[in-house]
């Protein structure tokens, strides 16, 4: 926390939070667009419900407003690290299923993957500013999909993207929460921005 | 000689040895090599190459390192740069690689004569890459989700080598593949970038001589975005006539970037854009209402955007869209003016009311009609007359008076404020002063000095003055607080405009003040045609016509007349432009002049056609001055001559018209032929048919009558007498008469004066009349005249001379007055002679005329002789005369005398030996 007290660290934290919020907002927008593309390309119905997705951290949480900043960051980091692996797997699956010919879905997935990775970097930086440092990746392997059928894989992908969209919303709120002086560990004020 | 052949043979052996060695050793084996092999060298550095000879070659050809020659291309490297390291290795050193070229060869000089290449390398000289500078990047939005980033940099100096550039970028936790430029060395485009994460970007340049990296650029790509411009722009009319509402779509997500905007607009037809205040549209939006527009006006709109915080780049302007504001009622009344025609009747006016259509920004819509109200100020009781007009003019016939005219323009929204024009009975108010014009910026400015009174407004009238068209009046109104304005119209250059300024007062109008002006002047399109009105000896009056207005192209400032003679210098005379006539003076008489005329404006002049004229030889009155005195002198001379003649009339009369005694009045005494003459003339009657002779006079001068003559009259006779006295000839005097009258010796036959005086005291005349004279009955009588009239000199002289020509010759008597056949020989009967002449009867009349002339000549000759005092001269002349008579054309020689040859007898002739020749 000592590092967070310095003005430069406060500015850095604020900058990271601000850009993180906007990145989360863009990521959500892109994921929403990707969902449309994904549903279209995979031949799914947009109204289909996916209840539980294996390996996908849930965005919903009880007592969200009671969480600390660090806790929020850690949960976000764990989620996005998971999404990074899931999206990489989706990208691989998509390339196997649709091939390189699908010029719309692949790049969009890759772009979202990059954003997830960038957001994870943001979270790690914020955690470093919290003098805690990011936890090491424990090598949580992506779930094996071989046992799933093709349709189930498509549904699984749909579930991942929907959950990512949820997480994008939550992450923006978490970072906005972190920028608030009362709740954040930093005293640097920042304008409330919606994703 | 032998040593030379030996040397050549040795050289050939060496060459064959090298070749055979190479062949025997294989195709790839040579006698040496160069180290380093194909080096890449930095420009300006030093370089050393080694040529290493194979040991095997030494044995075959006695080749050693000291025989090595280095060459660059075909140029031998100076041996100062060589160094023999050992017997098989030679090095060459270059202090500056810029002098190097490809190939660098190692050659051997066998026995100092034959050069053989051992090895060669290619040398590449270049520079290491410089550090790329000025790296900058921009993200061009290509679509809603595509954001390629293009970075550019300065690659630095040319390296002359194959240099590769790479754009490198990375996140702190993640590397990305390099961007390799295509077809360029100073830019590269990353296909997609992610925002909100700092990206480290740098450029790496590398070639054979080294590698260089630019300074890294750390940026969030969101900060360098040039977004796509908003699209689907639409313009809608608002409720208010001054508002238009714009709507558009943004093509960048608000999650990515919050935008601010610029909106520009302009009236259709204008070129200048106006902008909505940026602070009004500095927040994200998709619509905006533009206010403060003009009613019923078509506008063009365009919009652009950029990141809200101003970091990044503005997008391009969007496509343009137009919109029209709704109508509003006209903002002002139309300017109105009038032309009053009083020519028909002073008491009744024809008033041409005219007003200008409102400008679009004044009309605020489509003008449907104009309402004109005319109210007579003099008669307050009469109601105003109203007219609804669709045109912009109205012609009224009004009695002379003061009127107030009101014009209102109306569109579908409403009516304009009224425009009022007061038409006074007379323009009695103060006019403007000092109306002047000034061309400025392609327009014509009109200025004036305002009168002292308050002026409501001014009306400026103008029209184009032309010969080919009427003066069509244009006009404009200006507020009363200005004293100058530009004419609002199509003012053409080189045209004359008549500009009139009227001041309008609240209660009247001032008279107009006019001025002529040109927007731009030019040389006249032609020059004046000059011609002469009057040409004198030393002056000429030239006239010309003024150029027409269309030909002037400007104000004629002056005329210049150029005139010259054919070979003389040209003289120029400047003439006032108001004149149409000029008198050239000091001209040379009787000289051809060429004259032309130039008309000048401020911009130059143009010459008219040449005109030529010739000055007169004599001036006015000169001929009269010459002729009149000459005539007067002539008259004077004539008068003097007349007077002289009058005074000397007796003398003249004596010589010209001698008094011929009338034989009919003479007294015939003691001489009447007793013998009838019939028998004498019988033969003559036969010889001379009737009509051949009209009259024959025979004059015999008696010596006694001499006293009755004046001394002067008798003077020639004296001379003749003297002549006669000296001659031996015996003349019969008047041969004819002696022939026909008396055979006795006449006085002229006498050589002695006393005898002459005794016998010739009287003159005997005899007349032979064959035909009647003047209806008188011819009387064949011989009468003797007692007249004292002296004989004509010629007659007497001829007679005398004939008598004196040759004493031995037969005496001849000539009757000159009455015929050519009057030659008479005293020794021969006259009729015999007449008989000889008879064949010439046909030419009698001609001969008669000639004889008359000869007679006159003889008389004039006699006058001349009178003046002569030398007797000898007279004698010569007389002799010549006599001889002239004897001179006969050869054709007549030996023939009887021809009548027509008689005048020739007076021409001088050569006196033949022997004297007189009978004719």
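Coordinate-derived values only; no laboratory data. Here the structure is a predicted model, which means the values were calculated and not measured. FYI the Cβ positions are ideal-geometry reconstructions off the backbone, even for glycines, and counts take in every protein chain you see.
Rounded to the nearest 0.05, the FRET efficiency derived from the C-beta distance between residue B:433 and residue B:490 at R0 = 25 Å is 0.30. Normalising the Debye intensity of region B:442-572 to I(0), with uniform scatterers on Cα atoms only, and taking log10 at q = 0.11 Å⁻¹ returns -0.57. Once the Kirkwood radius over Cα pairs is known for region B:276-404, the Stokes-Einstein relation at 10 °C and 1.306 mPa s delivers a diffusion coefficient of 81 µm²/s.
Computed over region B:202-250, the convex hull of the alpha-carbon atoms projects to a mean area of 6.7 nm².
Extension gain, residue B:273 to residue B:557: 0.36 nm times the residue separation minus the Cα-Cα distance gives 97.5 nm. Largest first, the extents of the alpha carbon coordinates of region B:336-518 on the three principal axes equal 48, 39, 37 Å. For the pair region B:198-240 and region B:579-620, the centres of their Cα atoms are 83 angstrom apart.
For residue B:319 and residue B:136, a Förster radius of 25 Å and the Cβ-Cβ distance give a FRET efficiency of 0.30, rounded to the nearest 0.05. Spacing of the modelled spin labels on residue B:80 and residue B:43, each 7 Å from Cα toward Cβ, amounts to 2.5 nm.
Just subtract the alpha-carbon distance of residue B:607 and residue B:117 from 0.36 nm times their residue separation and send over the number in nm, one decimal. Let's see the in-between values first.
Working: separation 490, 0.36 × 490 = 176.40 nm, distance 8.75 nm.
The span from residue B:607 to residue B:117 would gain 167.6 nm if fully extended.
Look at the alpha carbon pairs under 8 Å that are at least 6 residues apart: their mean separation over the length of region B:530-615 gives a relative contact order of 36 percent.
Just the Kirkwood number for region B:337-408, please: inverse of mean 1/r across all distinct Cα pairs, in Å, one decimal. The partial results should precede the final answer.
Values: mean 1/r = 0.0750 Å⁻¹.
When all Cα pairs of region B:337-408 are included, the Kirkwood radius is 13.3 Å.
In terms of overall dimensions, the C-alpha atoms belonging to region B:133-223 reach 42, 26, 21 Å along their principal axes, ordered largest to smallest.
Could you work out the Rg to Rh ratio of region B:389-457, with Rh taken as the Kirkwood radius (inverse of the mean 1/r over all Cα pairs)? Each step should come with its number before you reach the end.
Working: Rg = 17.2 Å, Rh = 16.0 Å.
Answer for region B:389-457: 1.08.
Note on residue B:183 and residue B:378: their simple-model spin labels are 8.9 nm apart, each label 7 Å out from Cα toward Cβ. Site pair residue B:465 and residue A:137 shows an inter-label distance of 9.7 nm when each label is modelled 7 Å from Cα along Cα→Cβ. If the label point is 7 Å along Cα→Cβ of residue B:445, which residues in region B:510-542 have backbone nitrogen under 20 Å from it? Residues B:514-521 fall inside that zone. Using R0 = 35 Å, the C-beta based FRET efficiency linking residue B:565 and residue B:520 works out to 0.35. Of all DSSP-defined beta bridges confined to region B:227-324, some 95% are antiparallel rather than parallel.
DSSP finds beta bridges in region B:32-126, and of those with both partners inside it, around 90 percent are antiparallel.
For residue B:457 and residue B:286, compute 0.36 nm times the residue count separating them, minus their Cα-Cα distance, and round to one decimal in nm.
Values: separation 171, 0.36 × 171 = 61.56 nm, distance 4.91 nm.
Taking 0.36 nm per residue and subtracting the Cα distance, the gain is 56.6 nm.
Per residue, the convex hull spanned by the Cα atoms of region B:530-615 measures out at 80 cubic angstrom. Peptide A:30-42 has a mean of 1 when you count, residue by residue, the C-beta atoms of other protein chains within 10 Å of its C-beta.
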